[in-house]
Amino acid sequence: MVVVMAGGACGYGNLYSTGYGTRTAALSTALFNDGAACGQCYKIICDYKSDPKWCIKGVSVTVTATNFCPPNYAEPNNDGGWCNPPLQHFDMAQPAWEKIAIYSGGIVPVLFQRVPCKKHGGVRFTINGRDYFELVLISNVAGAGSIQSVSIKGSNTGWTSMSRNWGANWQSNSYLNGQSLSFIVTTTDGETKEFDNIVPANWQFGQTFSSPVQFT
């Protein structure tokens with residue numbers, strides 16, 4: 001069975017409207033970590049010493065993890081199965097790729113490191129789902145970029161923990177209709193921010209709300 005997820009395996013949807021643009025990459029299994037890596041940022045350079053024919057020397061690009069590159073076990077790891085475990089592979093958007101290598105090179109060796117994410121504006125919360133099932137996409141996260149834990153609170157309820165549903169989508173099974181919503185978000189580097197009443201009481205499913213708060 002093939003599961004097709006709207007907006008990629010992280011759920012960010014249109015990468016232009018959600019602020020990620022074209023400096024993005026799909027991560028192999030070894031890096032994706034079942035969606036826990038969604039939103040992380042990586043500085044990547046092409047390994048010119050290993051491949052001077054296709055690499056552009058001395059240039060780096062920073063990309064955000066926005067999707068999953070699935071394994072292809074029908075192909076060997078060095079000939080088509082580039083995203084097979086245990087390979088650490090970035091399937092980069094073409095504009096990002098062309099910053100560091102010649103596109104016709106296909107597959108090139110890279111050096112990479114995790115770096116803090118820089119984003120414009122605050123963290124965004126998109127409320128999807130239905131009654132008794134709030135599915136909240138949290139996007140445009142700076143700093144670590146990826147999220148460790150989330151709690152939600154309605155104006156008439158206490159704090160409850162959310163669970164990762166898939167990618168950057170977190171779920172609650174509470175009835176929160178007609179209440180303003182607050183969140184506590186902790187990123188994977190341990191930084192915690194509280195987003196008080198960021199969603200007004202008249203919210204509707206499908207709406208996105210931007211906060212003035214951001215991680216560092």
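Laid out as a table, the results:
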quantity: H120, sole failed condition from (1) modelled with pLDDT under 95; (2) exposed (fewer than 15 other Cβ atoms within 10 Å of the Cβ); (3) more than 20 Å from S139 (Cβ to Cβ); calculated: (3)
quantity: Condition broken by S182, with the remaining ones in (1) free of Cβ contacts under 8 Å to residues at least 40 places away in the same chain; (2) open to solvent by 60 Å² or more (accessible area, probe 1.4 Å); (3) touching a Phe, Trp or Tyr at 6+ places or on another chain (Cβ under 9 Å); (4) polar (S, T, N, Q) satisfied; calculated: (2)
quantity: Residue satisfying all of: in segment 71-86; touching a residue at least 24 places away in the same chain (Cβ under 8 Å) and more than 16 Å from G106 (Cα to Cα); least open to solvent (accessible area, probe 1.4 Å) among these; calculated: N84
quantity: Any hit, segment 27-41, residues being open to solvent by 70 Å² or more (accessible area, probe 1.4 Å), at negative phi and at pLDDT 95 or above; calculated: no
quantity: Restricting segment 145-157 to residues that are of a type in the set (G, A, S) and open to solvent by 10 Å² or more (accessible area, probe 1.4 Å), the residue that is nearest to G19 (Cα to Cα); calculated: S149
quantity: Residues of segment 19-36 satisfying the condition of being more than 11 Å from the chain's Cα centre (by Cα) and in a loop (DSSP other than H, G, I, E, B); calculated: G19, G21, T22, R23, S28
quantity: Sole exception among (1) in contact (Cβ under 8 Å) with a residue 60 or more places away in the chain; (2) open to solvent by 10 Å² or more (accessible area, probe 1.4 Å); (3) among the β-branched types (V, I, T) for V141, by number; calculated: (2)
quantity: Filter result (hydroxyl-bearing (S, T, Y) and open to solvent by 50 Å² or more (accessible area, probe 1.4 Å)) within segment 158-179; calculated: T160, S161, S163, Y175
quantity: Test for T216: is it open to solvent by 40 Å² or more (accessible area, probe 1.4 Å) and touching a residue at least 60 places away in the same chain (Cβ under 8 Å); calculated: yes
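The values are calculated or read from the model by the stated rules, or taken from the named source; none is laboratory data. What you see is a predicted model; the values in this text were computed from it and never measured. Cβ: placed from backbone, ideal geometry, glycine included. Neighbour counts: every protein chain shown. Ligands, DNA and RNA are stripped out before the accessible areas are found, and what is left, the full protein with its side chains, is counted by its heavy atoms. Shrake-Rupley method; radii C 1.70, N 1.55, O 1.52, S 1.80 Å.
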